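S.K.: Right, I'll just put the structure down here and ask away after.
No lab work stands behind these numbers, since they all come straight from the coordinates. The shown structure was predicted, so the numbers you read here are calculated from the model rather than taken from an experiment. Cβ coordinates were reconstructed from backbone atoms using ideal geometry, including for glycine residues, and neighbour counts include every protein chain displayed.
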């Protein structure tokens, strides 16, 4: 999960205190099951409009590259 652009190119930056991650079904136009609510730091996390979820990767370097 990339919360913001590492190079600062994202816009609409803000601090969020809650996050819900929904899971797509095989057709990608449906949600499957209950969304996950990962714990965030007490001060929240910075996100911007470049927020994205990548495919599961074995390392952080691979996730950022995709």
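S.K.: In the range 14-40, which residues are in a loop (DSSP other than H, G, I, E, B), closer than 22 Å to residue 60 by Cα and touching a residue at least 24 places away in the same chain (Cβ under 8 Å)?
M.R.: Hits for the range 14-40 are 19, 40.
S.K.: In the range 58-65, is there at least one residue being surrounded by 10 or more Cβ atoms within 10 Å (Cβ to Cβ) and in a loop (DSSP other than H, G, I, E, B)?
M.R.: No, there is no match, as no residue in the range 58-65 is surrounded by 10 or more Cβ atoms within 10 Å (Cβ to Cβ) and in a loop (DSSP other than H, G, I, E, B).
S.K.: Residue under question is residue 22, and the condition is that it be surrounded by 12 or more Cβ atoms within 10 Å (Cβ to Cβ), within 11 Å of the chain's Cα centre (by Cα) and within 20 Å of residue 64 (Cβ to Cβ); does it hold?
M.R.: Judged against the criteria, residue 22 is not a match.
S.K.: So residue 43 fits all but one of (1) touching a residue at least 12 places away in the same chain (Cβ under 8 Å); (2) surrounded by 10 or more Cβ atoms within 10 Å (Cβ to Cβ); (3) over 15 Å from the mean Cα position of the chain (by Cα); what number is the exception?
M.R.: (2) is the only condition that residue 43 fails.
S.K.: Among the numbered conditions (1) more than 12 Å from residue 1 (Cα to Cα); (2) in contact with a helix residue (DSSP H, G or I) (Cβ under 7 Å, 6 or more places away or on another chain), tell me where residue 23 comes up short.
M.R.: (2)
S.K.: Any idea which of 7, 49 is in a loop (DSSP other than H, G, I, E, B) and surrounded by 10 or more Cβ atoms within 10 Å (Cβ to Cβ)?
M.R.: Of 7, 49, the one residue that is in a loop (DSSP other than H, G, I, E, B) and surrounded by 10 or more Cβ atoms within 10 Å (Cβ to Cβ) is 49.
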